[in-house]
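Have a look at the structure that comes next, please.
No value in this document is a laboratory result; all are computed from the given coordinates. Keep in mind it's a predicted model, so treat the numbers as computed, not measured. Heads up, the Cβs are rebuilt from the backbone with ideal geometry, glycines too, and the neighbour counts pull from every protein chain shown.
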Amino acid sequence: MARNFTRKERLSAVSELNVTPLIDLAFALLIIFMITAPLLQQSIDINLPVETARAQPPPRTEFQVISIDANRQIFWGTDPVDRQRLSDLLDLIALSDDPPVIQVRGDATLPYQEIVNIIDLIKSKNLTRLSLETRAR
């Protein structure tokens with residue numbers, strides 16, 4: 001039986017909902033999900049072994065602070081030192097089995113070359129664990 005799509009009254013409201021575009025959208029989304037779902041799972045299922053012993057936490061790191069103030073005075077911790085004494089102290093640290101991290105603190109008004117000279121001195125003693133302290137904004 002054929003359906004008549006003409007309305008008797010043209011100004012009356014349509015009480016039917018056209019669902020054909022919604023079904024097309026649903027099928028398009030279904031196809032997209034069917035294609036992308038296998039691509040989302042790219043991990044390999046592995047039965048991992050169980051850990052029998054807990055890992056030991058790393059030992060506390062020791063720091064040695066070298067500070068340079070605005071007057072270019074060098075400090076080893078809180079003690080003022082000259083370049084020769086600093087070199088001797090770095091030699092002593094270099095002889096230890098586990099040397100501490102050398103933390104260099106320099107005044108912001110110092111020329112950059114002053115800091116580089118201290119870093120060169122530290123590196124010449126084969127001390128590679130180095131930290132430059134800065135201020136957070």
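Name the long-range amide H neighbours of VAL81: under 5 Å, sequence gap of 5 or more, or other chain; modelled H, no Pro or chain starts.
Hits under the 5 Å cutoff: ILE74, PHE75, TRP76.
Here is a follow-up. Can you list, largest first and rounded to whole Å, the semi-axes you get for the stretch 63-132 by taking the square root of 5 times each eigenvalue of its Cα gyration tensor? Intermediate values should be presented prior to the final figure.
Working: eigenvalues 74, 29, 23 Å².
Taking √(5λ) for each eigenvalue gives 19, 12, 11 Å, largest first.
Could you pull out every residue, at least 5 positions away or on a different chain, whose amide H is within less than 5 Å of the one on LYS125? Hs are placed 1.01 Å off N in the peptide plane, and Pro or chain starts have none.
Counting only residues 5 or more places away or on other chains, the set is empty.
Next question. Using 0.36 nm per residue of separation minus the Cα-Cα distance, give me the extension gain between LEU29 and ASP107 in nm, one decimal.
Using 0.36 nm per residue and subtracting the Cα-Cα distance, I get 21.9 nm.
Return VAL116, VAL65 ranked ascending by Cβ neighbour count within 10 Å, so the fewest neighbours appear first.
With the fewest neighbours first, VAL116, VAL65 line up as VAL116, VAL65.
Using the Karplus curve 6.51 cos²θ - 1.76 cosθ + 1.60 with θ = phi - 60°, what ³J(HN,Hα) values do you get for each residue of the stretch 64-75, in whole Hz, with x for Gly and Pro?
Along the stretch 64-75, the couplings run 10, 9, 10, 10, 10, 8, 5, 8, 6, 7, 9, 10 Hz.
First measure r as the distance between the Cβ atoms of ASN126 and LEU39, then evaluate 1/(1 + (r/R0)^6) with R0 = 35 Å and state the FRET efficiency to the nearest 0.05.
0.10
Then there is this: When DSSP assigns beta bridges and you keep just the ones with both residues in the stretch 63-132, what percent turn out antiparallel, to the nearest 5?
Antiparallel bridges make up about 40 percent of those DSSP assigns within the stretch 63-132.
Non-local amide H neighbours of VAL65 (under 5 Å, H modeled in plane, Pro and chain starts lacking H): which ones?
Residues meeting the criterion, in which the H sits 1.01 Å from N, are GLY77, GLN103.
Listed highest first by mean packing, meaning other Cβ atoms within 10 Å per residue, what order do 84-90, 18-24 come in?
Highest-to-lowest ranking by the protection proxy: 84-90, 18-24.
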